[in-house]
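J.: Supplied in structure tokens, the structure appears directly below.
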Amino acid sequence: MEQYVGKTIYNGIAIGRIWFYEKNQQQVKRVKTDNPKAEIARYEKAKEIAIAQLNDLHNKAVTDVGEANAMIFEVHAMMLEDADYNDSVYNIIQTESVNAEYAVATTGDNFSVMFAQMDDDYFKARSADVKDISERVIAALAGEDTRIGDVNESVIVVAEDLAPSETVQMDKSKLLGFVTRLGSSNSHTAILARTMNIPALIGVDIDNSWNGKTAIIDGRKGLLFIEPDEVTLAAYEAEKKKDDDAKKLLKKLKGLPDVTKDGKEIKLYANIGSVADVANVLGNDAAGIGLFRSEFLYLEKNSYPTEEEQFAVYKTVAQNMAGKKVVIRTMDIGADKQVDYFNLDKEENPAMGYRAIRICLDRVDIFKTQLRAIYRASAFGNIAIMFPMIISVTEVIRIKEICEEIKTELKSNGIAYGDVELGVMIETPAAVMIAEELASQVDFFSIGTNDLTQYTLAIDRQNSKLDSFYDSHHPAVLRMIKQVVDSGHSAGIWVGICGELGADTSLTENFIKMGVDELSVSPSFVLPIRKIIRNVKYA
Ligand code: PEP
Ligand code: MG
């Protein structure tokens, strides 16, 4: 058995035989021509064929991965109509008197390098897209179809790299997973893999001698096993069976509304920490995202994420959710989430220290950068913002002033933004006690039971020695939840729970009876909770 490490794109398990996919790399030759006009005509014809193929792919992708994700093929078709791209092809044919294949390949290479050198992950990932469209046109010039070879059994595809079009063309029922050496987690191939729930790894040191061998992809740990031993194989088969059983539950409940027996609708949302989790949200059929822990964006970097970097992430999430609610929690740095470049002082009690909204209201420039990115992204979907660790009305008033400043600034620069609901997290006993006053300031409450329990019971959530003292069903916490729901409802706002307690299926019925309007849970809990919601009565 050999074991390799890669970067996870989608965290499922796949077990099966490897099919090593080697592209028919087009060897493009530079050929002189006396008739550049005829070459331009050949290019135009090939481009037409490529666009028609992309339209077909788009239609197939809409069925497989939804409109939002299928959009990449519309974008590809648009790239082929791009004036700069076309001018470059015409220029090369005319000024160098060369064949269309060479002009397209050169243009593709140039544009691809240009994108790759951009200082933005999103544009960097477009480098692969421009290569993909150029290869498609070159294949059309040669009269070839670019369809990936048909396989007649279910396989794990291993390849140097996969273009988005190749991923979508594969017969989904036969694609167990894929492993590539190249690719980025921002690429559309990666996004499609996640949306199609295909276990996938990138950055693996692949080898074509693997063709036909049995392999296991462990997308959770980013591992690939080639010719696994019996013990490993049995362990992963058992693990996969658990996943498959969960998927069966998913199939039955997918598409059904989150409504109690007596007709009360519950917003059943999911929690995420990155763009990569969105596929899981959609795959588990959550009605929205109730908590996007944005601090992970800061945690995975070595310096402050720029406004553009954040904007690209929030926009992608909003677009992928296609109009469903996305609640972004402003960064909750501090306590257990330490980031070196913030240069925070060492504290005796970090959980009760300089963290979350306290940093934001103190270092307003960091806060404003994040808010600008979120407001800009709000033009592309249904975004709401919520603020962590609130303890006073004064904080909320100051936050709202800052939000107004951002909106005024954007407006005066002609930058669009959407209608953004503002909410606060109720995760301190102080916020519970002043919930009535807070409710008059905001559009919604989201109860962070993880911190609320820690601060109410005076039990450090990081300290495993205190486990025996920790009662997650402590009546103090449950009564606080009820109190917050009542305070929110008297002011006419909705109240949700986004802490882990929201996923505690033994409490779902209680929460519904308390009047909780929204539950935001890890994606894999959405369907088990839907099952309960549909079987209980509210009144
Ligand atoms: C909470 O405290 O319940 C919460 C949702 O926030 P986090 O777990 O990120 O602190
Ligand atoms: Mg919290």
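The values are calculated or read from the model by the stated rules, or taken from the named source; none is laboratory data. Note that this is a predicted model, so its numbers are computed, not measured. Note: ideal-geometry Cβ built from the backbone for every residue, glycine included; neighbour counts use all protein chains shown.
Matching residues to (1) surrounded by fewer than 24 Cβ atoms within 10 Å (Cβ to Cβ); (2) of a type in the set (S, T, N, Q); (3) more than 17 Å from LEU452 (Cα to Cα); (4) away from ligand 1 (no atom under 16 Å from the Cβ):
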position	(1), (2), (3), (4)
VAL326	no, no, yes, no
MET331	no, no, yes, no
ASP345	yes, no, yes, yes
LEU361	yes, no, yes, yes
PHE367	yes, no, yes, yes
ILE374	no, no, yes, yes
ALA379	yes, no, yes, yes
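J.: Give segment 418-436 a look and list any residue that's part of a helix (DSSP H, G or I) and either within 24 Å of ILE406 (Cβ to Cβ) or within 16 Å of ligand 2 (Cβ to nearest atom) (or both), or say none.
T.: PRO429, ALA430, ALA431, VAL432
J.: Another one. Does any residue of segment 489-497 turn out to be farther than 27 Å from THR394 by Cα and surrounded by fewer than 15 Cβ atoms within 10 Å (Cβ to Cβ)?
T.: No; the residues of segment 489-497 include none that is farther than 27 Å from THR394 by Cα and surrounded by fewer than 15 Cβ atoms within 10 Å (Cβ to Cβ).
J.: So, in segment 267-294, how many residues would count as being part of a loop (DSSP other than H, G, I, E, B) and without any contact (Cβ under 8 Å) to a residue 60 or more places away in the chain?
T.: 3
J.: Further question: Just to verify a result, which residue in segment 398-429, among those that are within 30 Å of LEU457 (Cα to Cα) and in contact (Cβ under 8 Å) with a residue 40 or more places away in the chain, is farthest from the chain's Cα centre (by Cα)? Step through it out loud before you land on a result.
T.: Residues of segment 398-429 within 30 Å of LEU457 (Cα to Cα): 398-399, 422-429.
From the residues that got through so far, the ones that are in contact (Cβ under 8 Å) with a residue 40 or more places away in the chain too are 399, 423, 425-427, 429.
Numbers: ILE399: 27, GLY423: 22, MET425: 22, ILE426: 25, GLU427: 26, PRO429: 32 Å.
If we take residues in segment 398-429 being within 30 Å of LEU457 (Cα to Cα) and in contact (Cβ under 8 Å) with a residue 40 or more places away in the chain, then PRO429 is farthest from the chain's Cα centre (by Cα).
J.: Now for a different question. Tally the residues that are surrounded by fewer than 16 Cβ atoms within 10 Å (Cβ to Cβ), within 16 Å of ligand 2 (Cβ to nearest atom) and of a type outside the set (Asp, Glu), restricting the search to segment 333-343.
T.: Adding up the residues that qualify gives 1.
J.: Right, another one. Of all the residues that make up segment 402-417, how many are part of a helix (DSSP H, G or I) and among the aliphatic types (A, V, I, L, M)? So that I can check it myself, show each step before the final result.
T.: Of the residues in segment 402-417, the ones part of a helix (DSSP H, G or I) are 402-412.
Those left that are additionally among the aliphatic types (A, V, I, L, M): 402, 406, 410.
Here the count works out to 3.
J.: Restricted to segment 472-494, and to residues that are in contact with a strand residue (DSSP E or B) (Cβ under 7 Å, 6 or more places away or on another chain) and within 14 Å of ligand 1 (Cβ to nearest atom), which residue is nearest to PHE387 (Cα to Cα)?
T.: Checked segment 472-494; the qualifying residue nearest to PHE387 (Cα to Cα) is VAL484.
J.: Filter segment 203-230 for residues that are within 20 Å of TYR10 (Cβ to Cβ) and basic (Lys, Arg) and give the result.
T.: Result: ARG220, LYS221.
J.: Within 16 Å of ligand 2 (Cβ to nearest atom), under 21 Å from ILE533 (Cβ atoms) and among the polar types (S, T, N, Q), is that true of SER472?
T.: The answer is yes for SER472.
J.: Being of a type in the set (Phe, Trp, Tyr) and either within 18 Å of LEU452 (Cα to Cα) or within 16 Å of ligand 2 (Cβ to nearest atom) (or both) is the filter here, so list the residues in segment 482-528 that pass it. Don't jump to the end; show me each part of the working.
T.: Pass one, segment 482-528, residues of a type in the set (Phe, Trp, Tyr): 494, 511, 525.
Within segment 482-528, just PHE511 meets the criteria.
J.: Please verify whether ILE399 is farther than 20 Å from ARG293 by Cα, assigned to a helix (DSSP H, G or I), in contact with a Leu (Cβ under 8 Å, 6 or more places away or on another chain) and more than 16 Å from ligand 2 (Cβ to nearest atom), treating the condition exactly as stated.
T.: No, not satisfied.
J.: Exactly one of these conditions fails for TYR304: (1) assigned to a loop (DSSP other than H, G, I, E, B); (2) under 30 Å from LYS537 (Cα atoms). Give me its number.
T.: (2)
J.: Let me spell it out: the conditions are (1) over 28 Å from the mean Cα position of the chain (by Cα); (2) of a type in the set (Asp, Glu); (3) closer than 30 Å to LYS213 by Cα, and ASP64 meets all of them except one. Which number is the exception?
T.: (1)
J.: Go through (1) away from ligand 1 (no atom under 15 Å from the Cβ); (2) under 16 Å from the mean Cα position of the chain (by Cα); (3) closer than 21 Å to VAL442 by Cβ; (4) of a type outside the set (Gly, Ala, Ser) one by one and return the number of the condition GLU395 breaks.
T.: Looking at each condition in turn, GLU395 falls short on (2).
J.: Check off (1) within 16 Å of ligand 1 (Cβ to nearest atom); (2) hydrophobic (A, V, I, L, M, F, W, C); (3) under 27 Å from VAL364 (Cα atoms) for LEU457 and give me the number that stays unchecked.
T.: With respect to (1) within 16 Å of ligand 1 (Cβ to nearest atom); (2) hydrophobic (A, V, I, L, M, F, W, C); (3) under 27 Å from VAL364 (Cα atoms), LEU457 is out only on (3).
J.: Ok, one more. Based on this model, can you work out whether ALA377 counts as at pLDDT 95 or above, part of a helix (DSSP H, G or I), under 18 Å from the mean Cα position of the chain (by Cα) and on the phi < 0 side of the Ramachandran plot?
T.: Numbers: at pLDDT 95 or above: yes; part of a helix (DSSP H, G or I): yes; under 18 Å from the mean Cα position of the chain (by Cα): yes; on the phi < 0 side of the Ramachandran plot: yes.
The answer is yes for ALA377.
J.: Pairs only if they're at least six apart or on different chains, beta carbon under 6 angstrom, first in segment 438-453 and over 22 Å from PHE469 (Cβ atoms) and in a loop (DSSP other than H, G, I, E, B), second more than 13 Å from ligand 2 (Cβ to nearest atom) and at pLDDT 95 or above; list them, first residue then second.
T.: Close Cβ pairs (under 6 Å, with a partner that is more than 13 Å from ligand 2 (Cβ to nearest atom) and at pLDDT 95 or above) amount to SER440/ALA491; GLN441/VAL396; VAL442/LEU422; VAL442/GLY423; ASP443/GLU421; ASP443/LEU422; ASP443/GLY423; ASP443/ILE493.
J.: Now for a separate question. So if I check each of ILE481, ILE512, which one is assigned to a helix (DSSP H, G or I), in contact (Cβ under 8 Å) with a residue 60 or more places away in the chain and crowded, with 16+ Cβ neighbours inside 10 Å?
T.: Result: ILE512 is the single residue among ILE481, ILE512 that is assigned to a helix (DSSP H, G or I), in contact (Cβ under 8 Å) with a residue 60 or more places away in the chain and crowded, with 16+ Cβ neighbours inside 10 Å.
J.: Within segment 381-392, how many residues turn out to be within 16 Å of ligand 1 (Cβ to nearest atom) and either under 21 Å from the mean Cα position of the chain (by Cα) or buried (at least 21 other Cβ atoms within 10 Å of the Cβ) (or both)? Don't jump to the end; show me each part of the working.
T.: Here is the first cut: in segment 381-392, the ones within 16 Å of ligand 1 (Cβ to nearest atom) are 384-391.
Of the ones still in play, those that are also either under 21 Å from the mean Cα position of the chain (by Cα) or buried (at least 21 other Cβ atoms within 10 Å of the Cβ) (or both) are 384-390.
The qualifying residues number 7.
J.: Please work out which residue is nearest to ligand 1 (Cβ to nearest atom), limiting yourself to segment 399-444 and to residues that are among the hydroxyl-bearing types (Ser, Thr, Tyr) and more than 19 Å from ASN382 (Cβ to Cβ). Give the steps one after another, and end with the answer.
T.: Of segment 399-444, the ones among the hydroxyl-bearing types (Ser, Thr, Tyr) are 408, 412, 417, 428, 440.
Subset that is more than 19 Å from ASN382 (Cβ to Cβ): 408, 412, 428, 440.
Values: THR408: 30, SER412: 34, THR428: 10, SER440: 23 Å.
The residue in question is THR428.
J.: OK, next. If only one of ASP87, ASP64 is at pLDDT below 90, more than 14 Å from ARG42 (Cα to Cα) and out of contact with any strand residue (DSSP E or B) (no Cβ under 8 Å at 6 or more places or on another chain), which one is it?
T.: Exactly one of ASP87, ASP64 is at pLDDT below 90, more than 14 Å from ARG42 (Cα to Cα) and out of contact with any strand residue (DSSP E or B) (no Cβ under 8 Å at 6 or more places or on another chain), namely ASP64.
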